[in-house]
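Heads up: the structure comes next, in structure tokens.
None of the figures in this text is laboratory data; all of them are computed from the coordinates on show. Please read these numbers as outputs of a predicted model, since none were measured by experiment. Positions of Cβ are generated from backbone atoms using ideal geometry, with glycine treated the same way; all protein chains shown enter the neighbour counts.
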Amino acid sequence: DSGVTQTPKHLITATGQRVTLRCSPRSGDLSVYWYQQSLDQGLQFLIQYYNGEERAKGNILERFSAQQFPDLHSELNLSSLELGDSALYFCASSVGDRETYGYTFGSGTRLTVV
Amino acid sequence: GESVGLHLPTLSVQEGDNSIINCAYSNSASDYFIWYKQESGKGPQFIIDIRSNMDKRQGQRVTVLLNKTVKHLSLQIAATQPGDSAVYFCAEGGSYIPTFGRGTSLIVHP
């Protein structure tokens, strides 16, 4: 157990729908990072939050959004889903903002869009 | 932009052999590198890291070598076991959002 908790583990939904993925960082970590991993791509960085504030954006689509709550858990919202959004979504956490020492991943949410 | 890449997509070895997984990076300012292991259906798991002021770092059965001159690092796994079968990623970390290569799939044959 890495200490980073992601729910749900699996999610199957239809095109056009909206889903929310949840991540609880490791105790003491203030940063949460979201990554997308599809079969033909490596780990693609989506977005980072630090202590409730957005800190960095990667290749995140406009249909996707995220937030980090006062208790530091984070949610990734995916809307108007397309077949190509099917992927593994990971979150990771670290203590600091741009300090990625001790970067720990959760076990991921597998999203299948049908 | 800067990139992190892997030389080989798949590496097959016999159980008991030593494995070497290579990685090239292009950002000469990178000061920290991380190796992750990802087993099927799981999240990436930290294996070992190395800072740019070191050339070599050893863990349990794993060694990371860093050659800053040619911007190359490698992960050596001694006495490879079937449980080592996974995808291995190198990443540049430190003050950057870690950037991952596509990974090398290590297949260990009993």
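What pairs in B:37/B:68; A:57/B:56; A:9/B:68; A:9/B:37; B:42/B:68 have C-alpha atoms more than 29 Å from each other?
A:57/B:56; A:9/B:68; B:42/B:68
What full-extension length gain, to one decimal in nm, is calculated for residue A:110 and residue A:53 as 0.36 nm per residue of separation minus the Cα-Cα distance?
Details: separation 57, 0.36 × 57 = 20.52 nm, distance 2.58 nm.
That works out to 17.9 nm of additional length.
Taking chain A as the region of interest, what is the percent of Cα-Cα pairs per 10 angstrom bin, listed from the shortest bin to the one with the maximum distance?
So the P(r) values, bin by bin, are 16, 51, 29, 5.
Mind checking the dipole of chain A: about its Cα centre, +1 per Lys or Arg Cβ, -1 per Asp or Glu Cβ, Debye to the nearest 20?
Its charge dipole is roughly 180 debye.
For region B:25-87, divide the Cα radius of gyration by the Kirkwood radius and give the resulting Rg/Rh value with two decimals. Please report the intermediate quantities before stating the final value.
Numbers: Rg = 12.6 Å, Rh = 12.6 Å.
Expressed as Rg/Rh, it is 0.99.
What does the charge count near residue A:21 come to, summing +1 for each Lys or Arg and -1 for each Asp or Glu among other residues with Cβ under 13 Å from its Cβ?
Numbers: positive: A:9, A:18, A:22, A:110; negative: A:75, A:85.
Summing Lys/Arg as +1 and Asp/Glu as -1 gives +2.
How about residue B:71: which aspartates and glutamates have a C-alpha closer than 17 Å to its C-alpha, ignoring those fewer than 8 places off in the same chain?
Leaving aside aspartates and glutamates fewer than 8 places away in the same chain, those within reach of residue B:71 are B:2, B:31, B:49, B:55, B:92.
Give me the dipole magnitude in Debye, nearest 20, for region A:45-97 about the Cα centre, with unit charges on the beta carbon: positive for Lys and Arg, negative for Asp and Glu. Please list the in-between numbers first.
Working: 3 positive and 8 negative charges, 21 e Å.
Approximately 100 debye in magnitude.
With an 8 Å cut-off on Cα pairs and a minimum separation of 6 or more residues, tell me the relative contact order of region B:30-110 in percent. Kindly include the intermediate steps, with their values, before the conclusion.
Details: 155 pairs, mean separation 24.2, N = 81.
Result for region B:30-110 is 30 percent.
Evaluate the Debye formula for the protein assembly as shown with equal point scatterers sitting on the alpha carbons, no solvent, and hand back log10 of I(q)/I(0) at q = 0.13, 0.15 Å⁻¹, in q order, two decimals.
Debye intensities relative to I(0), on a log10 scale: -0.76, -0.99.
Restricting to chain A, what percent of DSSP beta bridges are antiparallel, rounded to 5?
Numbers: 36 of 40 bridges.
The antiparallel proportion sits near 90 percent.
Which whole number gives the average count of other chain Cβ atoms within 10 Å of the Cβ atoms across peptide A:103-112? Write out the running numbers ahead of the final one.
Details: counts 9, 4, 7, 3, 4, 5, 0, 1, 0, 0.
For this peptide, the per-residue mean of nearby foreign Cβ atoms is 3.
Mind checking B:44-54 for the average number of partner chain beta-carbons within 10 Å of each residue's beta-carbon?
Values: counts 11, 4, 5, 0, 0, 4, 0, 1, 0, 0, 0.
Across B:44-54, the average partner-chain Cβ count within 10 Å equals 2.
For region A:1-65, just list the percent of Cα-Cα distances falling in each 5 Å bin from zero outward, please.
Pairs per bin, as whole percents: 4, 13, 21, 27, 23, 9, 3, 0.
Compute the relative contact order of chain A as a whole-number percentage, counting only Cα pairs closer than 8 Å that sit 6 or more residues apart in sequence.
Values: 297 pairs, mean separation 42.5, N = 114.
With pairs under 8 Å counted, the relative contact order is 37 percent.
Quick one: work out Rg over Rh on the C-alpha atoms of chain B, Rh as Kirkwood radius.
0.95
So, with +1 on the Cβ of K and R and -1 on the Cβ of D and E, and no other charges, what is the size of the charge dipole of region B:9-110 about its Cα centre, to the nearest 20 debye? Intermediate values should be presented prior to the final figure.
Working: 9 positive and 8 negative charges, 38 e Å.
Charge dipole, region B:9-110, about its Cα centre: 180 debye, nearest 20.
Would you mind getting me the FRET efficiency between residue A:10 and residue B:76? Use the beta-carbon distance for r and R0 = 35 Å, nearest 0.05. List each step's numbers first, then the result.
Details: r = 36 Å, r/R0 = 1.01.
Efficiency at R0 = 35 Å is approximately 0.50.
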